[in-house]
Structure formats: C-alpha cells, structure tokens
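*Asks:* Take a look at this one; I'll ask things after.
The values are calculated or read from the model by the stated rules, or taken from the named source; none is laboratory data. This one's a predicted model, so the numbers in the text were calculated from it and none came from an experiment. Cβ placement follows ideal geometry from the backbone for every residue including glycine, while neighbour counts extend to all protein chains displayed.
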Amino acid sequence: MSIILSSWKGEKILAIALPIAVDQRLVGTCFVGDVLNGHLLFITTLHHIGNGTTIQVAIPPHFGDVSISQTYPLTSTPLVDLELIYSDPIHDIAILKAKSKDIHAPLPNYLNKHNEINTGDDVVIVGYPYAPMGSVLETAEKSSVSAIGNRIFMDTIEVNEFVVSHQTYQGSSGSPVIRSSDGLLCGIVRGCLAPPEMLSIGNIPIGTDSNITYAVNASIIPNILENL
C-alpha cells in the first residue's frame, strides 16, 4: 500500500516533518528532503541516530499536514524502515533512505546561499518536540532569526548557522526551519543553549528547553544531495 504524505500550504509550510524512531523509541524530528532512485530521503540531526541500529520514520494519521486536526494519544503508529546513507558530524546532519518505494511526498525548496537568510527574517519551525515522551503531536511555531553566526569546529572549520528565538525541547532537533516570506527551507534545528550538567528523569533531561535555538544553515543540503 502506498503512503501519500502532504504539507500545509496555507502558510507556505512546504516541508513535511515526521517523527523519527531509533531502536523502537521515538527520539525527535526528521523531514522529507529529496528522492533517490524512487526512494524518499529523510534528513535529521546525526546526534539523534547515535549508535542506533534500527531507524524508522513514524507515519501519524495526519500524514505530516500540521494544519489539520490531530488525534492523540495514539497506541500505535505505522513505521517505515530507514537506512542511513550519509552522515556529517561537523554539521550534525544525517540523511536516511526509505527502504520501501511505497511512500511519496512533495519535496521542499532550499535556501541557495548561506547569506540569503537575514537577522529579523520571520520563520516557522515544524516538528515533534515531545517525541521522546512518545508523542506524535506535530507543532508549527512562528519565530524569527535573532542572529547569524559561524560556529567554529575543531578550531579551524566554520559552520554556517543562525539563532532563532524559539523554545526548543529534546524532540525539536531535526525540525525544518521554513522562511515565512517564500516557504524556503532555510535551516535545521540542531539544539539549544543549555548548561553542560543537567538533572534527568530516566533519560529525559530536565530544563534543556531554551529560547536560544541553533539551526544549521540548510544551504549546504542541495550540494550534499547532488553527490549522493
């Protein structure tokens, strides 16, 4: 049976976000990134994958269309098996391929150059912030770019990022950041500013939500996809 995903076009949110599961546990957000030889590609943050061996994308009843009514809580959700085909620890990016060809979706349009995003630009962040608690409730939150930056990696490598004023939770990582004015996918939520030592309940950190959220500039994605 084919699965047809859809996106919310009313606010130019043209990226489809879905919950990602690693070793049978929901961990956060991924999004439809491209198609390769008939297989959908999904993009998320590499730190979600960790040392996991079984990676799957969950398909909630709303099929990624955040504009429609969602049912919760759910006792079960269909899962599609994924295969890791690309990893970039510097940018914290993982690209995964659906093992089945029976899943179809419209594809996003990406920012072309890293300097095409500006401080003050309005954005929408879509994702599953509560996924680590077992929730497949998708949210869309308006925000704005509060700073443009270059993160220094290993003292020599510069990573183009930007900061958004957005309250981020553990499941928010991997969420696509969409520019409101044109619907371009301009960033991928990487994480938030948080103290290095945090208390936890089980494996859920307490207090890691923050209004300072870092997003990797998505302009690097088209070149990566072209070379897969």
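*Asks:* Could you figure out which of (1) at pLDDT 95 or above; (2) closer than 24 Å to Lys142 by Cα isn't true of Tyr86?
*Replies:* Status for Tyr86: all satisfied but (2).
*Asks:* Do we find that Ile157 is touching a residue at least 12 places away in the same chain (Cβ under 8 Å), of a type in the set (Val, Ile, Thr) and either more than 22 Å from Gly33 (Cα to Cα) or assigned by TED's automatic domain parsing to the domain that holds Ile20 (or both) in this structure?
*Replies:* Here the answer is yes, as Ile157 does meet what is asked.
*Asks:* Just checking: which of the strands (runs of 3 or more DSSP E) contained wholly in segment 68-149 hold 1 or more residues that are without any contact (Cβ under 8 Å) to a residue 40 or more places away in the chain?
*Replies:* 79-88
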